[in-house]
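Heads up, the thing below is written out as structure tokens.
Every number in this text was worked out from the coordinates using simple rules, so none of it is lab data. The model shown is predicted, which means the values in this text are computed figures rather than measured ones. Here Cβ is always computed from backbone atoms with ideal geometry, including for glycine, and neighbour counts include all displayed protein chains.
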Amino acid sequence: MFELLFKYPASIFHKGKFVLLTPWPLWLLVAGILAAAALLYWHVRRNHGLLTGARPIAIWVLETSLIALILFLLWHPALSVATLRPQQNVIAVLLDDSHSMTINDSSGTRLSRAQAVLNDGLLKALGDRFQVRLYKFGTEPERIPKVEGAAGSSPATRIGDTLERVLAESTSLPLGAIVLLSDGADNAGGIDQQTISAIRRQSIPIHTVGFGREHSEKDIEVTDAVVPARALPQSRLTALVTLQSYGMAGSKTKISVRDGTKVLTSQEVTLKGDGVLQTESVVFNAGAAGPKSLEIAAEPVSGEENNLNNKITRLVNVQARKPRILYFDGEPQWEYKFVRRALDDYNDITLFGMVRVTQNKILRESDQKDNSELEDGFPAKPEDLFKFQGLMIDNAEASYFTPTQQQLIHDFVDRRGGGLLFMGGRASLSDGGYQNSPLADLIPVKLPPSKGTFHQMDFVPVELTGPGRESILTRLDENPARNDQRWKEMPKLYNWQEVGEPKPGATTLLNVNPGVKPASPMLVTENYGRGRTAVFATSGSYRWKMWLDHNDKTHATFWQQMFRYLVTDTPGQVTATTPKSMLADETRVPIRAEVRDKQYKPLNTAKVQARFLGPDGASATVELTPVPSEEGVYAGEWTAEKPGTYITEVIAGQE
């Protein structure tokens, strides 16, 4: 019916482009239709006679439609369809030459099947009608005279880059179409929007021919692993490992994390159903300072067809720096003493202590040789507070801090990117008036509106929440079951404080269970601005040390992990990032740097350089240029010529 009415099949209309062949402008057609419609409306309204209701309008619509159709036909409508011209247009045939094409499926390797398709008539049929250019491609396209020139030797498949190169080479040729033969295993980031736009702009069709099974009958694949990009020495880290398996439901495998030949951890997991993505949490120790290339792998299971996809590599930079934390306590108490002792056997973080012993007298315990630091009391200037990476406020009422200091604390988290911990006490949180101060915005809970929330000598147990079981902050043992048991056996807290409900986006890791009242959040964390905040609603955790064996490290372990939570992700004045820490056979490395002054405000007048140190000891320097639309941001690109691990140092100075 469609062809009877419109002469051509619907597929032609989808491919073609509608055009008007008359040289007259389109606006003239529109103007003519509008003028005719107005004239006919005047005529019908004046001469409708005995016609009433909708009849005059119906007549006007039909007459106007007829005039519009006649005018439209006068403009000579046509359908323009692009067709290839025999022996004039060029057809590019792209044959995947990557390692994955050598996988032996049931009927031979993928490459041999692709070569057979081309040799069994496809190339000849194309060559009889068009000019044919044959390419093999992996990391880049290469012209070959015959299909036997492809041997599956390329280490990567870059479909996007290959299409871009072929389009660029063919700008002076009448390229009519591209035929792509591949197993689709593109490990170079897919096809970017720029390449897609170029294909659309040139109206070049791409015909794909796929090879290989979608998945093996028996296979385990590590599809992803998420680990922190940076850590402090001896930190406990969590790797979130995502697996996918086929034909292995119910089987067991071991996930291991290796640093070179050293096994950092190994954990047994049970595989789920076919194609189901399962994520497992694996805890390991980061070890000593230095960049580490970690291999995260699933142990092969008997009968597995492909072991090459069982492992993945991730980079972790264990930083050799010594962050500082400012601990301000509103009165002398046991909690301060035992928290400081938690660092006795850990030298990678230092604590600067300030204890208010009277209303106008502060005891300072410096971690520096300069005994004059903060001799005037709590910092009132950004350069004094921002030299620290973490801040702890314990048992000090909100009114103790001036409005300027309260704003400074806010900027410390939001702008400087520091970590802030609020601790419970008789002058803390709601009992300290924080719910009515600007600092309430930083606290990850909605504080009760009135006082009387602090409960002294009300011994209560703590319990892990679901997120607490997964968090590294509350991981006392690497084994999840043993970690649960250790928390159940923890001594009761000496005091606790009601803190209200967690804010949206906050995470509750620990609860207290008073028994006579509903469970109340004890440890809550939240990301805020560039930094992070937490509330630990007690000043009685020292009982964990006093009531356990003197050799027990539980109290020290918890507080060391709390310190690391506060400071590990606190940025410096210069931070640098790349889109991916691991590049799979890619050579282009875009780098982005953010530069701030001593008050951590964006700096737009810096001179920024990135220095690259390669695996063979060779070095290179790249100048980074400002990004126009972003304050304090500089960007550049560098090309890595050889495989291996590269160390990058970004240096910024005032011009």
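Taking label positions 7 Å along the Cα-Cβ direction at both residue 289 and residue 200, the computed distance is 5.1 nm, reported to one decimal. Checking the cross-link pairs 218/252; 361/387; 292/488; 337/369; 292/601 against a 25 Å limit on the alpha carbon distance flags 292/488; 292/601 as lying beyond it.
So what's the net charge close to residue 48: Lys and Arg +1, Asp and Glu -1, counting the other residues with Cβ under 15 Å from its Cβ? Numbers along the way, then the final one.
On the way: positive: 45, 46, 55; negative: 63.
Its environment carries a net charge of +2.
Multiplying the residue separation of residue 124 and residue 249 by 0.36 nm and removing their Cα-Cα distance gives an extension gain of 40.4 nm. Return the tail of the calculated pair distribution for the chain, meaning the percent of Cα-Cα pairs more than 49 Å apart. Within the chain, distances greater than 49 Å cover 39 percent of Cα pairs. Helix 193-202 and the longest principal axis of the C-alpha atoms of the chain enclose an angle of approximately 10°. Stretched out straight at 0.36 nm per residue, the stretch from residue 363 to residue 20 would grow longer than its current Cα-Cα span by 114.7 nm. Distance between the modelled labels on residue 478 and residue 27, one decimal in nanometres: 7.6 nm (7 Å Cα→Cβ projection). The C-alpha atoms of the chain define a longest principal axis, and helix 554-567 lies at about 50 degrees to it. Panel order for 292, 369, 146, by other beta carbons found within 10 Å of each beta carbon, from fewest to most: 369, 146, 292. Counting neighbouring beta carbons within 10 Å and listing from fewest to most, the residues 76, 455 come out as 76, 455. Within straight-line reach of residue 146, meaning a Cα separation under 20 Å, sit the following aspartates and glutamates at least 8 residues removed in sequence or on another chain: 96, 97, 120, 128, 169, 183.
Taking 0.36 nm per residue of separation and subtracting the Cα-Cα distance, what length does fully extending residue 618 through residue 630 add?
Values: separation 12, 0.36 × 12 = 4.32 nm, distance 3.22 nm.
That pair, residue 618 and residue 630, stretches by 1.1 nm at full extension.
Which loop GluC sites (Glu not before Pro) in region 599-640, with loop taken from DSSP, have no more than 16 other Cβ atoms within 10 angstrom of their Cβ?
Details: sites: 623, 630, 631, 637; in loops: 630, 631.
Within region 599-640, the qualifying GluC sites (Glu not before Pro) (loop, at most 16 other Cβ atoms within 10 Å) are 630, 631.
In straight-distance terms, cross-link reach from residue 580 covers every one of the aspartates and glutamates whose alpha-carbon lies under 15 Å from its own, apart from those fewer than eight places away in the same chain; here that gives 224, 637.
Any chance you could give the angle, 0 to 90 degrees and rounded to 10, that helix 55-74 forms with the longest Cα principal axis of the chain? The helix 55-74 is inclined about 70 degrees to the chain. Ranked by the mean number of other Cβ atoms within 10 Å of their residues, highest first, the peptides 486-496, 98-108 come out as 486-496, 98-108. Loop-only check: which chymotrypsin sites (Phe, Trp or Tyr not before Pro) in region 529-621 are DSSP coil with at most 13 other Cβ within 10 angstrom? In loop regions of region 529-621 (DSSP not H, G, I, E or B), the sparsely surrounded chymotrypsin sites (Phe, Trp or Tyr not before Pro) are 547. Cross-link reach is defined here as a Cα-Cα straight distance under 18 Å, omitting same-chain residues fewer than 8 places apart; for residue 492 the lysines meeting it are 517, 545, 553.
Please give the FRET efficiency for residue 376 paired with residue 270, using the beta carbon to beta carbon distance and R0 = 51 Å, rounded to the nearest 0.05.
Values: r = 60 Å, r/R0 = 1.18.
E between residue 376 and residue 270, to the nearest 0.05, is 0.25.
Placing unit charges on the Cβ atoms only, positive for Lys and Arg and negative for Asp and Glu, gives the chain a dipole magnitude near 1260 debye about its Cα centre.
Once the convex hull of the alpha carbons of region 90-210 is built, what does its volume come to per residue, in cubic angstrom? Numbers along the way, then the final one.
Numbers: hull volume 11.1 nm³, N = 121.
Dividing the Cα hull volume of region 90-210 by its residues yields 92 Å³.
As an exercise, identify the GluC sites (Glu not before Pro) in region 187-275 lying in DSSP coil whose Cβ has no more than 10 other Cβ atoms within 10 Å. Spell out each step's value before the answer.
On the way: sites: 214, 217, 221, 268; in loops: 214, 217.
Taking region 187-275 and a limit of 10 other Cβ atoms within 10 Å, the loop GluC sites (Glu not before Pro) found are 214.
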